[in-house]
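The values are calculated or read from the model by the stated rules, or taken from the named source; none is laboratory data. For clarity, every value in this text was computed on a predicted model and none was experimentally measured. In this analysis, Cβ positions are derived from the backbone assuming ideal geometry, glycine residues included, and neighbour counts consider all displayed protein chains. Note: areas computed on protein heavy atoms with side chains; ligands, DNA, RNA excluded. Shrake-Rupley method; radii C 1.70, N 1.55, O 1.52, S 1.80 Å.
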Amino acid sequence: MSEIIKTKAVVIKKLDYGDTSKIATFYTEDYGKITGIIKGARTAKSKMGPVVDILNTLQIVYYKKENREVQLISKAELINHHSKIKEDLDKLKFASAVAELLLHLNLEDEAHPKLFKGTVKILELMNESKEVPEYYFIKYLIFFLKELGYEIQLENCSCCGNNTEPGEGYFFNFNSGILCMNCKNDQLISFEFSPELFNLLMCLSRRNNECKYSVKDLNRLIYFFEKYISYHIPEFKGLKSLHVY
Ligand SMILES: [Zn+2]
């Protein structure tokens with residue numbers, strides 16, 4: 001049995017295959033992560049070839065066969081190719097990290113329209129870029145963890161339950177979460193938040209909010225999230241895109 005599927009998709013990986021074809025991994029709106037072959041994609045007359053490029057948002061059509069690992073893509077139309085991301089090495093680095101997060105987690109055949117929309121949105125924001133790409137990447141990490149059920153609770157100390165206060169430093173244990181000064185002695189400390197860093201994380205966690213930041217602090221938060229995701233999601237092996245440039 002095969003079924004014709006039409007869905008929006010972001011290209012998160014692309015490989016040459018055989019003499020003329022391409023194999024790509026798509027994060028789709030309706031079916032989660034799928035792998036598809038574009039036959040003849042590398043021939044000069046192929047219309048789909050140039051369209052199926054990394055980080056592009058597309059509308060694709062394919063014949064879904066249940067027990068086939070690689071689906072046959074029959075049509076791909078461009079929605080957004082994020083040209084400014086591809087011209088800028090720094091933007092490319094963080095946009096690639098977004099693709100890498102989706103690529104390495106088990107999201108096959110599972111629709112998650114909200115995660116899809118958030119992914120499309122963050123690529124658009126990185127492309128238009130009012131802020132540095134690190135800023136949008138952290139917004140995305142916070143959103144991503146929430147959607148996958150690993151949201152970090154910032155409002156209270158995970159041990160005594162007291163509300164966290166702006167202007168205070170906090171500690172973090174990967175298992176239990178945020179710890180206040182009084183509770184930190186009983187637990188293993190995985191990370192330390194200075195008052196500025198904690199405020200920044202609080203600010204970035206709120207929606208539709210502008211935050212003041214230094215790039216150094218943003219990088220410190222990205223380091224924290226990488227460790228946190230590695231701790232909670234075993235299949236995650238770190239973000240290579242952030243370390244190769
Ligand atoms: Zn406490």
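Each residue of the range 176-190 was assigned a 3J(HN,Hα) from its phi angle through the Karplus curve 6.51 cos²θ - 1.76 cosθ + 1.60 (θ = phi - 60°); the sequence is 8, x, 5, 10, 7, 3, 6, 9, 5, 5, 8, 10, 6, 9, 8 Hz, with glycine and proline shown as x. For the range 156-219, the fraction of 1.4 Å probe accessible surface lying on carbon and sulfur atoms is 43 percent. Multiplying each eigenvalue of the alpha-carbon gyration tensor of the chain by 5 and taking the square root yields semi-axes of 38, 19, 14 Å, largest first, rounded to whole angstroms. Can you work out ³J(HN,Hα) from phi for every residue in the range 69-80, in order, using Karplus 6.51 cos²θ - 1.76 cosθ + 1.60 and θ = phi - 60°, giving whole Hz and x for Gly and Pro? Couplings: 6, 10, 8, 8, 7, 9, 7, 9, 10, 6, 9, 8 Hz.
How big is the Cα convex hull of the range 1-99 in projection, averaged over all directions, in nm²?
Details: hull surface 25.8 nm².
Reported value for the Cα convex hull: 6.5 nm².
Between GLN153 and VAL61, the modelled labels are 5.0 nm apart [label points 7 Å from Cα along Cα→Cβ].
Heavy-atom accessible area per residue, the range 89-244, 1.4 Å probe: how many Å²? Kindly include the intermediate steps, with their values, before the conclusion.
On the way: 8100 Å² over 156 residues.
Here the residues of the range 89-244 average 52 Å² of exposed surface.
Where does helix 215-232 land angle-wise versus the long Cα axis of the chain, in degrees 0 to 90, nearest 10? Once rounded, the angle reads 80 degrees.
Taking 29 Å as the cut-off for C-alpha to C-alpha distance, list the pairs among LYS14/LYS84; LYS45/LYS117; LYS13/LYS212 that go past it.
Numbers: LYS14/LYS84 19 Å; LYS45/LYS117 32 Å; LYS13/LYS212 33 Å.
Exceeds cut-off: LYS45/LYS117; LYS13/LYS212.
The angle between the Cα long axis of helix 113-128 and the longest principal axis of the Cα atoms of the chain comes to about 90 degrees, rounded to the nearest 10. Taking label positions 7 Å along the Cα-Cβ direction at both LYS240 and LYS114, the computed distance is 3.1 nm, reported to one decimal. Taking all protein chains into account, the per residue accessible area for the range 2-81 stands at 52 Å² (1.4 Å probe). Rounded to whole numbers, the Karplus 3J(HN,Hα) couplings from phi for the range 38-49 are 10, 6, x, 4, 9, 8, 4, 8, 5, 7, 6, x Hz, using 6.51 cos²θ - 1.76 cosθ + 1.60 with θ = phi - 60°, and x at Gly and Pro. Relative to the dominant Cα principal axis of the chain, helix 133-147 is inclined by about 90°.
If you average the alpha carbon positions of the range 151-179 and of the range 5-49, how far apart do those two centres end up, in angstrom? Using only Cα atoms, the two centres lie 43 Å from each other.
Between MET181 and LEU125, how high is the FRET efficiency from 1/(1 + (r/R0)^6) when r is the Cβ-Cβ distance and R₀ = 41 Å? Nearest 0.05. Mind dumping the intermediate values first?
On the way: r = 36 Å, r/R0 = 0.87.
With a Förster radius of 41 Å, E is 0.70.
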